[in-house]
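Student: Let me give you the structure first, and then I'll get to my questions.
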Amino acid sequence: MELRKVILRYVTGSTVPAYAPIFEEGADPIPAADLEGKPFWVPLGELKAVFFVRTFSGNPDYDPPKSAGDLPRLPSGHLVQLDFRDGERIFGDVAERTTDPARGFFVTVLDPEDNNILLYVNPASLAVPPSHPEVQPSPPGTPEALFES
């Protein structure tokens, strides 16, 4: 099971860099490993989301899209707008295979300039249920394919 770089963002606002596999939707607790590789588990209820990232340092100068019309590419599943309780807004792609979104769900980040690649969202951390702006879909892909290149 390959581990990916993640930032665990807690509902308290704290963040922890770690590693995690691509796990099954509905997973609770969330499997992770610290930077030394020691495994641990985090209850989903403690997390805002698991952010699968390109780098741990991120890009503080990144200016995220403000609307669906600003997105550089279209989704392969369903475009969603996520408005978190802390004010953060993210646009992403939710695959049609999403099982039970009330138990957590994956969202592919659509902007290739974003440090975030994939999110696993705790639905309780959202201010409102995800909305679906209207766009035309692109060809399908898999979460694992996001890390190939």
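Student: Can you list residues from other chains, or at least 5 along the same chain, whose modelled amide H is less than 5 Å from the amide H of F40?
Tutor: The list, which skips near neighbours in sequence, is A32, A33, D34.
Student: Continuing with the same structure: I want the local charge near G45. Using Cβ-Cβ distances under 14 Å, sum +1 for each Lys or Arg and -1 for each Asp or Glu among the other residues.
Tutor: Local charge sum for G45: +2.
Student: Sticking with this one: Taking the Cβ of each residue in I30, I117 as the centre, tally the other Cβ atoms inside 10 Å and list the residues starting with the fewest.
Tutor: Ranked by crowding around the Cβ, least crowded first: I117, I30.
Student: Which of D111, D93, D63, D34 has the fewest other C-beta atoms within 10 Å, and how do the rest follow up to the most?
Tutor: The order, fewest Cβ neighbours first, is D63, D34, D111, D93.
Taken together, the values in this text are just the output of simple stated rules run on the coordinates, not laboratory data. Since this is a predicted model, take the numbers as computed values, not measurements. As a convention, Cβ positions derive from the backbone with ideal geometry for all residues, glycine included, and neighbour counts pool all protein chains shown.
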